[in-house]
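One structure is given below, encoded as structure tokens.
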């Protein structure tokens with residue numbers, strides 16, 4: 001799974017990426033501070049399933065903090081986007097190429113309205129952030145449309161002559177940018193267009209491109225800079241002007257908390273509404289953390305962890321599944337529930353067996369739900385936080 005962090009320059013996009021990953025990324029108060037994409041590991045937050053057995057997990061990847069387990073997923077922070085990207089303006093072509101393999105997008109906007117359409121700083125509240133939401137969707141729709149348009153007449157004619165189902169033909173046409181048959185089928189259902197591709201008009205193609213973008217590159221809005229005075233009013237207004245999921249955030253405060261936690265100055269669990277001071281702080285650090293504390297009391301969290309969890313579990317609809325044994329949860333080295341896998345909702349026991357190893361899938365006999373100790377078959381649908389033992393032949 002790959003999540004793209006997108007947005008125009010100077011809205012806190014790289015700060016969000018760094019807060020989520022603690023990876024080094026260039027943060028600058030000017031357009032195109034990010035040119036080459038940054039890759040990093042972020043973490044979604046789940047309950048530590050071992051707690052139900054009075055144990056604590058020992059993750060091979062990720063970590064446990066308090067009663068929460070943090071499971072890794074990949075983030076990519078790409079070049080800032082400006083209007084006209086689909087026409088090659090700014091870093092447009094590179095931006096779109098970098099996003100071709102993303103499963104979903106976190107669109108970071110400056111909800112305070114203090115950054116104009118070019119990514120330049122302006123008086124706070126003087127720019128309407130709804131413009132950023134609209135233009136990103138329009139640029140992505142245009143990008144999808146342009147890919148469709150290339151050789152469309154010949155492609156549509158060949159699909160009709162060969163008898164290839166329209167949805168399958170389109171899925172093959174888009175296979176290079178991580179668009180699959182399921183996404184195309186959903187876009188067909190929503191657009192209600194004819195299955196005869198040769199009859200599609202330019203408007204039909206644009207309509208389909210927009211529906212396909214919603215299914216293939218779903219977007220969540222990170223309403224960043226919520227610590228600025230003009231942000232609250234903008235957020236309430238914009239919520240009524242967009243169908244996109246929007247979550248308020250302060251990437252700057254989240255980054256401060258995570259770095260202070262890393263330095264052992266505080267104890268902070270991402271996504272929580274509080275932290276505990278552990279180390280000796282300077283007056284400047286105390287003042288900064290006092291501002292963060294006030295923000296958390298009002299907003300319940302900085303929003304960064306909420307955004308990561310929402311896009312993975314609610315928008316992409318993944319579930320977290322653990323391999324384990326009924327007789328014991330430990331591996332041969334004594335590590336409790338060392339592994340956790342993020343899988344699409346609707347995954348079966350057989351899907352999970354194949355995820356663990358091809359041989360487990362090929363030689364699948366049965367699976368056991370470790371919590372209930374019930375035997376389940378290969379078609380059994382898994383649930384979030386399941387612990388499953390796979391029984392396979394030799």
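Summary table below
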| read-out | value |
| --- | --- |
| Residue 199 being assigned by TED's automatic domain parsing to the domain that holds residue 109 and either under 24 Å from the mean Cα position of the chain (by Cα) or at negative phi (or both) | no |
| Condition broken by residue 372, with the remaining ones in (1) part of a loop (DSSP other than H, G, I, E, B); (2) assigned by TED's automatic domain parsing to the domain that holds residue 73 satisfied | (2) |
| Close pairs from the range 113-130: first in contact (Cβ under 8 Å) with a residue 12 or more places away in the chain, partner exposed (fewer than 15 other Cβ atoms within 10 Å of the Cβ) and part of a strand (DSSP E or B), Cβ under 9 Å, at least 6 apart | 114/121; 115/121 |
| Subset of the range 296-342 [part of a helix (DSSP H, G or I) and more than 15 Å from the chain's Cα centre (by Cα)] | 296, 297, 298, 299 |
| Spans of helices (runs of 4 or more DSSP H) in the range 122-209 with at least 2 residues farther than 30 Å from residue 345 by Cβ and touching a strand residue (DSSP E or B) at 6+ places or on another chain (Cβ under 8 Å) | none |
| Qualifying residue in the range 345-353 (condition: part of a helix (DSSP H, G or I), out of contact with any strand residue (DSSP E or B) (no Cβ under 8 Å at 6 or more places or on another chain) and buried (at least 16 other Cβ atoms within 10 Å of the Cβ)) | no |
| Condition check for residue 210: modelled with pLDDT of 90 or more, under 30 Å from residue 293 (Cα atoms) and under 26 Å from the mean Cα position of the chain (by Cα) | no |
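The values are calculated or read from the model by the stated rules, or taken from the named source; none is laboratory data. Just so it is clear, the structure is predicted and the values come from calculations on it, not from any experiment. Every residue, glycine among them, receives a Cβ derived from its backbone with ideal geometry; neighbour counts consider all protein chains shown.
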